[in-house]
Amino acid sequence: MQFHKTPLQDCLLIIPEVFKDHRGVFLESYHKRKFFEATGLEIEFVQDNQSVSKRGVLRGLHFQLGEFAQAKLVRVIHGEVMDVVVDLRPDSPTFKKTYKIILNDQNHHQLYIPQGFAHGFITLSETSVFSYKCDRFYSPGTESGIIYNDPELAIDWNFPEEDLILSEKDTKLPTLKQIF
């Protein structure tokens, strides 16, 4: 496994070693000891989530508040997404900065997203299977988010806005300015 810094403080790109042969593909998607040795972080992931989405589905930008903030390790099992994170930690030098990356079933890249980040993704392939580990349990009363088209963030989702598929909840999220 290779661990690479991203432009956002504490957010990491993880590239697993992929073994391919005539039978298919094998990779180690997570190894607690290797993760600790590379990052110094002792994280206990307590919940695994998976979503299936069709082309144009945009999920996000989501986060949980306070003590329920979640660190996540995300990857794509099938298909392709553009993954987007926003640093919402006021004391961070990358506060309010964004980072986006293509994750797919060909590059097998993963993204470690620390607590205090908003997260979202859009499915670029016909379908995607998106998987993520969380270090805190989901807490419905503490969930929040930022509207996908926030003018301050100016995220280019690389997809025609009129073709986006959003949940009703995601269309009503506040702007960054309304939160901070």
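Only one residue in K97, K133 is crowded, with 18+ Cβ neighbours inside 10 Å and touching an Asp or Glu at 6+ places or on another chain (Cβ under 6 Å), so which one is that? Break it down into steps so the answer makes sense when it comes.
Values: K97 fails: crowded, with 18+ Cβ neighbours inside 10 Å.
None of the other options fit; the residue is K133.
Going through Y138, Y132, Y99, Y112 one at a time, which residue ends up being aromatic (F, W, Y), in contact with a Pro (Cβ under 9 Å, 6 or more places away or on another chain), in contact (Cβ under 8 Å) with a residue 12 or more places away in the chain and within 24 Å of F45 (Cβ to Cβ)? Walk me through it before giving the result.
Numbers: Y138 fails: in contact with a Pro (Cβ under 9 Å, 6 or more places away or on another chain); Y132 fails: in contact with a Pro (Cβ under 9 Å, 6 or more places away or on another chain); Y112 fails: in contact with a Pro (Cβ under 9 Å, 6 or more places away or on another chain).
Just a single option satisfies the conditions, and that option is Y99.
Can you spot a residue in region 164-173 that is surrounded by 10 or more Cβ atoms within 10 Å (Cβ to Cβ), charged (D, E, K, R), outside any loop (DSSP other than H, G, I, E, B) and touching a helix residue (DSSP H, G or I) at 6+ places or on another chain (Cβ under 9 Å)? Reasoning before the result, please.
Initial filter on region 164-173 (surrounded by 10 or more Cβ atoms within 10 Å (Cβ to Cβ)): 164-167, 169-173.
Now restrict to residues that are charged (D, E, K, R): 169-170, 172.
Those left that are additionally outside any loop (DSSP other than H, G, I, E, B): 169-170.
Now drop any that are not touching a helix residue (DSSP H, G or I) at 6+ places or on another chain (Cβ under 9 Å), which leaves none.
No: zero hits.
Hey, could you check region 143-163 for residues that are polar (S, T, N, Q) and at pLDDT 95 or above and say which is surrounded by the fewest Cβ atoms within 10 Å (Cβ to Cβ)? If you could, list the steps in order and put the result at the bottom.
The first filter runs over region 143-163 and keeps only residues polar (S, T, N, Q), leaving 144, 149, 158.
If we keep only those that are at pLDDT 95 or above as well, we get 144, 149.
Working: S144: 14, N149: 16.
Out of the qualifying residues, it is S144.
The values are calculated or read from the model by the stated rules, or taken from the named source; none is laboratory data. Remember, predicted model here, so these are calculated numbers, not experimental data. Cβ: placed from backbone, ideal geometry, glycine included. Neighbour counts: every protein chain shown.
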